[in-house]
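The values are calculated or read from the model by the stated rules, or taken from the named source; none is laboratory data. None of these values were measured; they are calculated from a predicted model. Here the Cβ positions follow ideal geometry from the backbone for every residue, glycine too, while neighbour counts run over all protein chains shown. Calculation scope for accessible area: heavy atoms of the full protein, side chains included, ligands and nucleic acids excluded. Shrake-Rupley method; radii C 1.70, N 1.55, O 1.52, S 1.80 Å.
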Protein chains: 4
Amino acid sequence: MIQVTVWNEFRHEKKNEDVRKLYPEGIHGAIAEFLKGADFSVKTATLDEEEHGLTEEVVAKTDVLIWWGHIAHEEVSDEIVARVHQRVLEGMGLIVLHSGHFSKIFKKLMGTSCDLKWREDGKHCRIWNVNPSHPIVEGIGERIELEQEEMYGEHFDIPTPDELIFVSWYPGGEVFRSGCTFSRGNGKIFYFQPGHETYGSYYNEKVQKVICNAVNWVAPKDHLYPTYGHFEALEKEEKQ
Amino acid sequence: MIQVTVWNEFRHEKKNEDVRKLYPEGIHGAIAEFLKGADFSVKTATLDEEEHGLTEEVVAKTDVLIWWGHIAHEEVSDEIVARVHQRVLEGMGLIVLHSGHFSKIFKKLMGTSCDLKWREDGKHCRIWNVNPSHPIVEGIGERIELEQEEMYGEHFDIPTPDELIFVSWYPGGEVFRSGCTFSRGNGKIFYFQPGHETYGSYYNEKVQKVICNAVNWVAPKDHLYPTYGHFEALEKEEKQ
Amino acid sequence: MIQVTVWNEFRHEKKNEDVRKLYPEGIHGAIAEFLKGADFSVKTATLDEEEHGLTEEVVAKTDVLIWWGHIAHEEVSDEIVARVHQRVLEGMGLIVLHSGHFSKIFKKLMGTSCDLKWREDGKHCRIWNVNPSHPIVEGIGERIELEQEEMYGEHFDIPTPDELIFVSWYPGGEVFRSGCTFSRGNGKIFYFQPGHETYGSYYNEKVQKVICNAVNWVAPKDHLYPTYGHFEALEKEEKQ
Amino acid sequence: MIQVTVWNEFRHEKKNEDVRKLYPEGIHGAIAEFLKGADFSVKTATLDEEEHGLTEEVVAKTDVLIWWGHIAHEEVSDEIVARVHQRVLEGMGLIVLHSGHFSKIFKKLMGTSCDLKWREDGKHCRIWNVNPSHPIVEGIGERIELEQEEMYGEHFDIPTPDELIFVSWYPGGEVFRSGCTFSRGNGKIFYFQPGHETYGSYYNEKVQKVICNAVNWVAPKDHLYPTYGHFEALEKEEKQ
């Protein structure tokens, strides 16, 4: 059974009553809830726990880490980021949600600013599936309609994704590469745009389905980690 | 259960005793054998059967088609090629093996000449895994060693693969992109280099494992086929 | 000096007075006009000329072919398509515009249906630059605004582009990968969406700039064509 | 005229007489020499200069930075790495040579370990061109033969390159993706394998030609840097 750890900075929910009402168990709680229903083994971890809840032991046992952060990216310790980074390179899957685009771990894995345009206007958005045979879009159909979502607009400063899965449309006139895969070392990564804290995107069934599909897709398989360093020749020395 | 059809032109085995001894049930028979052991539902089809064994019914029921051809590519009818092509676009997986690089169906899907360098010298080769977290290399480790394989060398005239999985090394001094994925329409495609008719590569356990992994990877999931053509606006007309 | 041939089926202009008024010298004439101003050597060719204006001699001397077609794709002879295809593989650049997505040559190079959603509604569109350091977007800035353009919507059934350059936004709610590069053999290809026959997109300065940039980008450089076929070992035989 | 800065850690040349004899003006000197002959404006900078020779002013005026380092990667200050990283995102081209794969700047841009297999055995290598129409291989032909080069072998732990240009063959039995392009922000990056300090690869004319071609390819064009952050809707508010 795939072991998922849902990480949330869990600050909006404490400070803002609207967010608390929308996500009474926290954003991590809402995500954990539907993942459990999809037959994954799920734990949560949050910023204010010791080591942000991401101890060596937790990270070592995690197959897939889901990351939601927004206003406290800078409070995440570099040591924990390095630990998570190393574990991704070793094969742990990572799903970065919404404002997690600016998290230390995503920026460290991407090597770019990960900047974008944004606007909170309470309007709808439409997430188009541009990769119809990808495992992450199984059961999704040609698009996802969200009644309210924050606008994220291009240019999105990421490296060329390995695979472009979704492109979003916003009524204000913008587009966004809203579902992208990457690999780094042995680890697979999926970035997915929905999830502003005052809108209910994580209650949307298609959003849930995408995240469940992505957990399966980023989860490590039975792979050997490559060997590196000095290497003896495989071919025998030719006679002189 | 995934329905696999193994297609072979089945001519070398009839004309050449060495090939017949090596593959007494035909190359298709040898491939079908290990696929059955891996819990797939497997049928075979060959060039000299009616409609090359690829009737509308057979093609419609096939999830994954495996293609081996070499000396009789031109005898494959354009009508059957068009049928297989259409079915790939609709979602059927396709695995093209070895000299199938020059098959009509592969060239039609690629849009290029699919040409390469080659040499039959009875020497060994080494297939390096350059994509260690890909599902197709699960259980393979860092390389596959084959005691004998035909040399295929760069430049291999294919479009940029979606994913590069294997790069081969040959003692004569050549390299080759020997494992490549592509998608066309809703269909996934995997090209894999081993399989010269007078060497026993399809008895190699790692080659078998790669092909089994690839069957799972190219097999269609529960996806909706996109809709095309005239499309009414989703956004309501703005008031004038 | 780069030799450009602008090919147009040149039928709308003959049948439809609105198109004729908009493009009195034909779409090919309008495109040739701004290309000449950009210091390219430019010729035109059209469907109803002998060999569609694409004789062996013309094709052999063309560095970059620009293709506009819409209602008469089926009238283009397979022989000429094969000639152009071969020349692209040998290194000729190809720019496919707008409804050329359904041309025989583009489908042959892509290997897919090249289908899409569409709607002629006389509305505006916005073409977002998602690849800001690419030579094709030099001088373009972050977007192109067109007052009127036909809607082309996802899913666009093309292989994964080598590079995604533009994504378009339409007021009806759709998005489209509207600028894409591909390579096939030694040839470079650029697909660009604008250019419905009743709107004036080829008079837009940024559209013109993109096409000029693209001519430079797809034009063949001083490259050797690879050698294929039987190949002697480069490494000396090891002594036994 | 493109302004190139060639950076070298310049330590081997001071410590090892063989290296000093081979590169009496330093590796940076040898590279600068052939770049000047190719009509670039060239400066050099080395580790032991103040700010490693990469002051704000130098970096601001550099169009293309070439990086060679090996035994002193850890001595490069994080502040200078951050400065160079920021400038790459803004558009400066970067060419990373040989053992620079382990430099702080390359690892920061890649997000991976950048690890590989290696062996110094004084043997030859063969660098195959797998992207024959790319500007970086103009004039190179199908391969580069080097009499001596350090073996670098797969797996090379880098993100999927935007473009794979070269694959190397080594007599010991290994292969390596030895020429790769990436983009990060507005900056283009080229990694190129040759250049062990005790072999004379930078005197090889084809290696020189590749580096000159790459300087042209990574050099920034006249591009606007994208705007990021809060963004007002482009579409007018619909009437209620």
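General remarks:
- Rounded to 0.05, the FRET efficiency of the A:LEU224 and C:LEU234 pair, given R0 = 25 Å and the Cβ-Cβ distance, is 0.20.
- Computed over the alpha carbons of region B:45-109, Rg followed by Dmax gives 10.6, 28 Å.
- Residues of region B:1-130: accessible area per residue with a 1.4 Å probe, Å²: 39
- Accessible area buried between chains A and D, both sides summed, probe 1.4 Å, in Å² to nearest 100: 3100
- Calculated over region B:128-192: convex hull of Cα atoms, volume per residue (Å³): 96
- Once you divide the Cα radius of gyration of region D:1-106 by 2.2 N^0.38 Å, the number left is 1.01.
- Along each principal axis, taking the top coordinate minus the bottom one, the Cα set of region A:12-69 gives 35, 28, 13 Å in descending order.
- For peptide D:119-127, the mean count of partner chain Cβ atoms within 10 Å of a residue's Cβ comes to 2.
- P(r) for region B:40-162, from all Cα pairs and a bin width of 10 Å, is 11, 36, 36, 17, 0 %, short bins first.
- Under conditions of 4 °C and 1.567 mPa s, region A:114-165 yields 103 µm² s⁻¹ as its translational diffusion coefficient, taking Rh as the Kirkwood radius over Cα pairs in the Stokes-Einstein equation.
- With the convex hull drawn over the C-alpha atoms of chain B, the volume per residue is 152 Å³.
- For C:GLN3, label point 7 Å along C-beta direction: distances to other copies, nm: 4.1, 5.3, 6.7
- Based on every Cα atom in the protein assembly as shown, Rg and the maximum pairwise Cα distance Dmax equal 27.7, 88 Å.
- For region B:1-138: relative contact order, % (alpha-carbon pairs under 8 angstrom, 6 or more apart): 23
- Between 0 and 90 degrees, the angle of helix B:78-90 with respect to the longest Cα principal axis of chain B falls at about 60 degrees.
- Within the accessible area of region A:148-197 (1.4 Å probe), percent carbon and sulfur: 37
- When the C-alpha to C-alpha distance is required to be over 19 Å, the pairs from A:LYS104/D:LYS108; C:LYS221/D:LYS206; A:LYS221/B:LYS209; B:LYS107/B:LYS221; C:LYS209/D:LYS221 that qualify are B:LYS107/B:LYS221.
- Partner chain coverage, peptide D:139-145 - average Cβ within 10 angstrom: 4
- Nearest 10 degrees, 0 to 90: helix D:26-37 Cα axis against chain D principal axis: 70
- Between copies, the label points at A:GLU205 (set 7 angstrom from Cα along Cα-to-Cβ) are spaced 4.6, 5.2, 6.9 nm, reported in nanometres from shortest to longest.
- Cα gyration tensor shape of region C:119-240, rounded if a/c is under 1.5, else prolate or oblate by comparing a/b with b/c: prolate
- Entry note, chain D: relative contact order of 20 percent, from Cα contacts under 8 Å with a spacing of 6+ residues.
- Compactness of region D:190-234 was expressed as the Cα radius of gyration divided by 2.2 N^0.38 Å, which yields 2.01.
- C:GLU90-C:SER41 FRET efficiency (beta carbon distance; Förster radius 22 Å; 0.05 resolution): 0.70
- Sorted from greatest to least, the principal axis extents spanned by the alpha carbons of region D:86-138 come out as 38, 30, 15 Å.
- Other residues lying with their Cβ under 15 Å from the Cβ of D:THR46 contribute a combined charge of -4, Lys and Arg counting +1, Asp and Glu -1.
- Inter-copy separations for D:GLU17, label at 7 Å along Cα-Cβ, nm, ascending: 6.9, 8.3, 9.4
- Relative contact order of region A:1-68: 50 percent, from C-alpha pairs under 8 Å at least 6 residues apart in sequence.
- With a 10 Å cut-off around each Cβ of A:148-157, the average count of Cβ atoms from other chains is 5.
- Restricting region D:164-238 to trypsin sites (Lys or Arg not before Pro) in coil, as DSSP defines it, with at most 10 other Cβ within 10 Å: D:LYS236
- Chain B: angle of helix B:205-218 to the longest principal axis, Cα-based, in degrees nearest 10: 10
- Among C:14-23, D:41-50, the peptide with the highest mean count of other Cβ atoms within 10 Å heads the list, and the full ranking is D:41-50, C:14-23.
- Part-to-part distance (alpha-carbon centres) for region D:110-141 and region A:138-201, which is given in Å: 34
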